[in-house]
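Below is one structure, written out as structure tokens, with a few remarks after it.
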Amino acid sequence: MLEVEGLAKSFGGVRAVQGVTFSVAAGEIVALIGPNGAGKSTCFNMLNGQLRPDSGRIVISGRNSTGLPPRKVARLAVGRTFQVAQTYGSMTVRENVQMALIAHRREFFGLWRRASDLHVEEAMALLDRVGMAEQADRSCGVLAYGDAKRVELAVALAGGPKLLLMDEPTAGMAPAERTALMALAASLARAQGIAILFTEHDMDVVFTHAERVLVLDRGRIIAQGTPETVRADPAVRAVYLGSTAPVGASHAGS
Amino acid sequence: MDFIVVQFLNGVASASSLFLVASGLTVIFGVTRVVNFAHGSFYMLGAYMAYTLTSQLPRGSLGFWGGVIGAALVIGLVGALLEFVLLRRLYRAPELFQLLATFGVVLVVQDLTLWTWGPEDLLASRPLSLRGAVDVMGRSVPVYDLVLIAVGPVVLAALHLLFHKTRWGTLVRAATQDREMVEALGVEQSRLFTAVFFLGSLLAGLGGALQLPREAASLNMDLAQITEAFVVVVVGGMGSILGAYLAALLIAILQAFGIAIFPKITLVLMFLVMAVVLAVRPYGLLGRPQAVARVGGSSLAVALRPAGSWSKTAAAVVVAVLALSPLVLGDYSMTVLTEVTILALFAASLHFLMGPGGVVSFGHAAYFGVGSYAVAMAIKYSGLPMLVAVVGSPVAAGMLGVAVGWFCVRLSGVYLAMLTLAVAQIVWSTAIQWDGLTGGDNGLLGIWPDDWARGRWVFYLVILTISAGGILLLRRAIFAPFGYALRAARDAPLRAEASGINPGIVQWAAFVLSSALAGVAGGLFALAKGGVFPTYVAIGRSIDALLMVLLGGVATVTGPLVGTAVFVALQDELSRFTNVWRFILGCVIILMVLAFPEGVVGFAARWRRDPDA
Ligand SMILES: Nc1ncnc2c1ncn2[C@@H]1O[C@H](COP(=O)(O)OP(=O)(O)O)[C@@H](O)[C@H]1O
Ligand SMILES: [Mg+2]
């Protein structure tokens, strides 16, 4: 599904990401963890085309996507959610999803038909799945933050993705909401065979949902494997706690 | 060789005054982020004030310099007063409303100046010591030019010392670089802002005062100067003083040679320089990237709703009443109504770009003007039937939109505003200078409708049908997928990209659609007025369009239409019954910005707690 080889990116003198290699299989749920500044967002931004890597190769569904702009990467069935939810504040919840459906079908140069009459049922079905159907007619600009994140999930799903990139999907949410959102994303993904690559600070969320964990530190992958192997890895413990206590015993990161 | 040296010196001398004004503008912008249109008015006031002071003070060098410096100080105080009374209430308002308010100040100052100093141009005499000329390579160069040549670097050095060697200057520089620091200043902030306005306005006043012996003080110095100063600031990079000096030198020297070699090019030259610089370096020679302009602030995050059945009926009734109005209205009222009908389309086209698109065009008159000249030329030179000629107007204006839009979607904020303004100025000077084709200042007359449309009812119906059709198209587009994609690109460009939309292409297409419809409005205007004139492209018309949109409210769909009616009514009534309409209009604009920063319809909509406006 996703193969990344030797990915590297520097900002001025800062080597944000260096020589990162990994892959994600179809339908697999993979967590990318690491302390703040490890290079997780930079990785995501390269995968989704927002940043051009200095070197390395990204292959999505067998197609080389290195250096493609985000809109072209999106056409390779890649959905994305952002660390800070990106929704259209001047549209209603339903219109946000409709816009994504319209964009996916490349109908966005239409000048006459009303956008809000297009793909209504499909949009409502997506909102129903993320539990936002009751709020469909509210303006997205006034939503609670957790709700905006759910809308974003529906929007990302509207493009029929095979791979979902979620950068800190639960950042800024209350603990109870966090588990719920990730559980929702994971169950939707499993039902439809969508692969997810996500970053997350909350270790409970990571160890509950990830099938595989990649650990990034100072731009390099220092460990990867099942949650159990990673949790036991001494290098990971050193990075997270500077001690030998098992990772996840307390909430690492910030 | 002597020609080159003399023109070079001439250019450097002109650069000084330009630099003074531009440096003031750039310092004010750097710290307060206010784009101060009234800065040109301070330049003008500086010249008038210097005239008064130098003619009161005893003759001689002392009196002259005393008058110049006194004028600069007075203007500095006026600037500080403006900040204290008006602008500090607007720092949190969207950038555009600040601009609008300072434009209101421009209007007020124009009439105050007219009252105080009268309509005549005023030329001051130079003191004897500055009257002579010096022989440079066999040609004479005025002594005063040499003085001016020295003034530029002296002021540049003084500003450098001020900003690098004093505590206050360090504070100003820190505030320019770090917005958050400014917020954290608290009470200090308001004192800093007032002081910065004092300094900036003083520099503008000094520029005007020093220019007085070279150029008479006149009532149209303000807008001419502010346009040039904007170009200098943008070319140099917003907030950079050294950049402003380099840009002033570059532009003034090119101008000096331009005048000598190919006079026709001078008006356009400066804007060509700017367009080239911005295309290569989008933030100017020494500028750095700035945050994107906040077009409508939070007021834009209101969901737009299409017209309900009630609103649709109301719109149909309005159109029906308009269609029947020629039966009851007199000739004068019909002229005004025709104008409102056409300008409503013009305002709606700008609104489409500014509101849903979030792209502010400061020179929308360019497309209006190109459309009007296209129709006029098609009728005058090719004798085409009226309706065929009218079809040419969106084509011509749309083609200009294709070219300009390509640059515009790569720029943002003030740079975008300035590039669009520059294009309008290029079109304007082309209209004036290419007189073989455009009739120059006299314009093209005798552009009348075809015989079948001469009757006033038929003619108004034609105008109404085309204007209302254009407005309906824009309205549909706002609620169609295209308008949604445009808002998507404005609200969350990252999300739009990640959904497969190319925000640049969508905005570019909107730019073309908007300019094409502005062109249609221009074409109709030419027919309604029976001619075209360079004033159709003048900066004033671009500002009129902005006022109409902003008065009505950017975040609403009906806003621009109401705004047009309010604006034309105000301007028309005022100029009919008083000769101080600029003063009153300026005050009204200022009060409106203070009272309803969301525009009239935006305010009404919030008041009714009903987003369906
Ligand atoms: N646009 C940028 N310009 C300069 N440095 C950056 C930029 N983006 C990220 N960095 C740097 O790259 C490193 C990795 O950052 P990031 O990918 O955001 O980490 P994470 O998401 O893991 O917290 C950090 O040192 C950060 O300061
Ligand atoms: Mg991050």
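The values are calculated or read from the model by the stated rules, or taken from the named source; none is laboratory data. Since we're looking at a predicted model, the values are computed, not measured. Reconstructed Cβ throughout: ideal geometry from the backbone, glycine too, with neighbour counts over all protein chains shown. To get the accessible areas, we keep the full protein, side chains included, count just its heavy atoms, and leave off ligands, DNA and RNA. Shrake-Rupley method; radii C 1.70, N 1.55, O 1.52, S 1.80 Å.
Within the range B:228-243, track down each residue that is over 21 Å from B:VAL280 (Cβ atoms) and open to solvent by less than 10 Å² (accessible area, probe 1.4 Å). Within the range B:228-243, B:ALA229 is the sole residue that qualifies.
Checking each residue in the range A:33-44 for being open to solvent by 30 Å² or more (accessible area, probe 1.4 Å) and in contact with an Asp or Glu (Cβ under 9 Å, 6 or more places away or on another chain) picks out A:PRO35, A:SER41.
Could you count how many residues in the range B:8-40 are among the small types (Gly, Ala, Ser) and open to solvent by 10 Å² or more (accessible area, probe 1.4 Å)?
Result for the range B:8-40: 1.
Quick check: is even one residue across the range A:167-182 more than 16 Å from ligand 2 (Cβ to nearest atom) and under 23 Å from A:LEU76 (Cβ atoms)? No, the range A:167-182 contains no residue that is more than 16 Å from ligand 2 (Cβ to nearest atom) and under 23 Å from A:LEU76 (Cβ atoms).
Does A:ARG190 count as more than 16 Å from ligand 2 (Cβ to nearest atom), open to solvent by 50 Å² or more (accessible area, probe 1.4 Å) and within 25 Å of B:ILE501 (Cβ to Cβ)?
no
Being open to solvent by 10 Å² or more (accessible area, probe 1.4 Å), over 21 Å from the mean Cα position of the chain (by Cα) and of a type in the set (Gly, Ala, Ser) narrows it down to one residue among B:ALA175, B:ALA216, B:ALA209; which is it? So that I can check it myself, show each step before the final result.
Numbers: B:ALA175 fails: open to solvent by 10 Å² or more (accessible area, probe 1.4 Å); B:ALA209 fails: open to solvent by 10 Å² or more (accessible area, probe 1.4 Å).
B:ALA216 is the lone residue from the list that is open to solvent by 10 Å² or more (accessible area, probe 1.4 Å), over 21 Å from the mean Cα position of the chain (by Cα) and of a type in the set (Gly, Ala, Ser).
Among residues of the range A:33-45 being within 14 Å of chain B (Cβ to nearest Cβ) and touching a Ser or Thr at 6+ places or on another chain (Cβ under 9 Å), the one that is farthest from ligand 1 (Cβ to nearest atom) is A:PHE44. Could you check how many residues of the range A:99-122 are within 8 Å of chain B (Cβ to nearest Cβ) and open to solvent by less than 10 Å² (accessible area, probe 1.4 Å)? Matching residues across the range A:99-122 total 5. Given the criterion crowded, with 24+ Cβ neighbours inside 10 Å and either in contact with a Ser or Thr (Cβ under 7 Å, 6 or more places away or on another chain) or outside the structural domain of B:VAL340 (by TED's automatic domain parsing) (or both), identify the matching residue among B:GLY559, B:GLY586. Answer to the check: B:GLY559.
Of the residues B:VAL292, B:VAL234, which single one is hydrophobic (A, V, I, L, M, F, W, C) and modelled with pLDDT of 80 or more? Quick ask: steps written out before the conclusion?
Details: B:VAL292 fails: modelled with pLDDT of 80 or more.
Result: B:VAL234 is the single residue among B:VAL292, B:VAL234 that is hydrophobic (A, V, I, L, M, F, W, C) and modelled with pLDDT of 80 or more.
Yes or no, residue by residue, for (1) within 25 Å of B:GLY30 (Cβ to Cβ); (2) open to solvent by less than 40 Å² (accessible area, probe 1.4 Å); (3) outside any helix (DSSP H, G or I):
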| position | (1), (2), (3) |
| --- | --- |
| B:LEU99 | yes, yes, no |
| B:ASP111 | no, yes, no |
| B:LEU114 | no, no, no |
| B:VAL141 | no, yes, yes |
| B:VAL151 | yes, yes, no |
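Is it fair to say B:THR438 is among the polar types (S, T, N, Q), buried (at least 19 other Cβ atoms within 10 Å of the Cβ), in contact with a strand residue (DSSP E or B) (Cβ under 8 Å, 6 or more places away or on another chain) and farther than 27 Å from A:SER139 by Cβ? The answer is yes for B:THR438. Do we find that B:MET399 is farther than 25 Å from B:THR556 by Cβ and either in contact with a Gly (Cβ under 6 Å, 6 or more places away or on another chain) or modelled with pLDDT of 90 or more (or both) in this structure? Spelling it out, B:MET399 is indeed farther than 25 Å from B:THR556 by Cβ and either in contact with a Gly (Cβ under 6 Å, 6 or more places away or on another chain) or modelled with pLDDT of 90 or more (or both). The number of residues in the range A:43-61 that are touching a residue at least 40 places away in the same chain (Cβ under 8 Å) and within 16 Å of ligand 2 (Cβ to nearest atom) comes to 5.
Residues are listed down the side, and each one gets a yes or a no for (1) within 14 Å of chain B (Cβ to nearest Cβ); (2) open to solvent by 10 Å² or more (accessible area, probe 1.4 Å); (3) within 17 Å of the chain's Cα centre (by Cα); (4) within 15 Å of ligand 1 (Cβ to nearest atom):
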residue	(1), (2), (3), (4)
A:GLY12	no, yes, no, yes
A:GLU28	no, yes, yes, no
A:ALA31	no, no, yes, yes
A:LEU47	yes, no, yes, yes
A:SER55	no, yes, no, no
A:VAL73	yes, no, yes, no
A:VAL78	yes, yes, yes, no
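Please verify whether A:LEU153 is modelled with pLDDT of 90 or more and within 15 Å of ligand 1 (Cβ to nearest atom), treating the condition exactly as stated. No. Filtering B:GLY500, B:GLY563, B:GLY469, B:GLY553 for residues that are within 14 Å of chain A (Cβ to nearest Cβ) and under 20 Å from the mean Cα position of the chain (by Cα) leaves a single hit, B:GLY553. Reported count of residues in the range A:97-138, each being farther than 17 Å from B:ALA488 by Cβ, of a type in the set (Lys, Arg) and outside any helix (DSSP H, G or I), is 1.
Listed here are the helices (runs of 4 or more DSSP H) enclosed by the range B:514-613 that have at least 3 residues being at pLDDT 80 or above: B:539-552, B:559-577, B:581-595. For the range B:447-455, the count of residues that are away from chain A (no Cβ under 14 Å) and in contact with a strand residue (DSSP E or B) (Cβ under 8 Å, 6 or more places away or on another chain) is nonzero.
Taken as a whole, the range A:164-177 holds at least one residue that is more than 16 Å from ligand 1 (Cβ to nearest atom), within 21 Å of A:ARG94 (Cα to Cα) and in contact (Cβ under 8 Å) with a residue 12 or more places away in the chain. Comparison of A:LEU165, A:LEU181 shows that the only residue that is assigned to a helix (DSSP H, G or I), open to solvent by less than 30 Å² (accessible area, probe 1.4 Å), out of contact with any Cys (no Cβ under 7 Å at 6 or more places or on another chain) and not assigned by TED's automatic domain parsing to the domain that holds A:ARG105 is A:LEU181.
Taking the range B:46-67 as the region of interest, how many residues are surrounded by 15 or more Cβ atoms within 10 Å (Cβ to Cβ) and part of a helix (DSSP H, G or I)?
Matching residues across the range B:46-67 total 14.
Restricting the first member to the range A:83-110 and to residues that are modelled with pLDDT under 90, and the second to residues that are part of a loop (DSSP other than H, G, I, E, B), the beta-carbon pairs closer than 7 Å and six or more apart or on different chains are A:GLN83/A:ASP167; A:GLN83/A:GLU168; A:GLN83/A:ALA171; A:SER90/B:VAL302; A:SER90/B:ALA303; A:SER90/B:LEU304; A:PHE108/B:ILE501; A:GLY110/B:ALA480.
Selection within the range B:472-496: residues that are open to solvent by 30 Å² or more (accessible area, probe 1.4 Å), closer than 30 Å to A:ASP167 by Cβ and out of contact with any Gly (no Cβ under 8 Å at 6 or more places or on another chain). The member of this set that is nearest to the other protein chains (Cβ to nearest Cβ) is B:LEU494. When restricted to residues that are without any contact (Cβ under 8 Å) to a residue 60 or more places away in the chain and under 30 Å from B:ARG126 (Cα atoms), the range B:216-240 contains 1.
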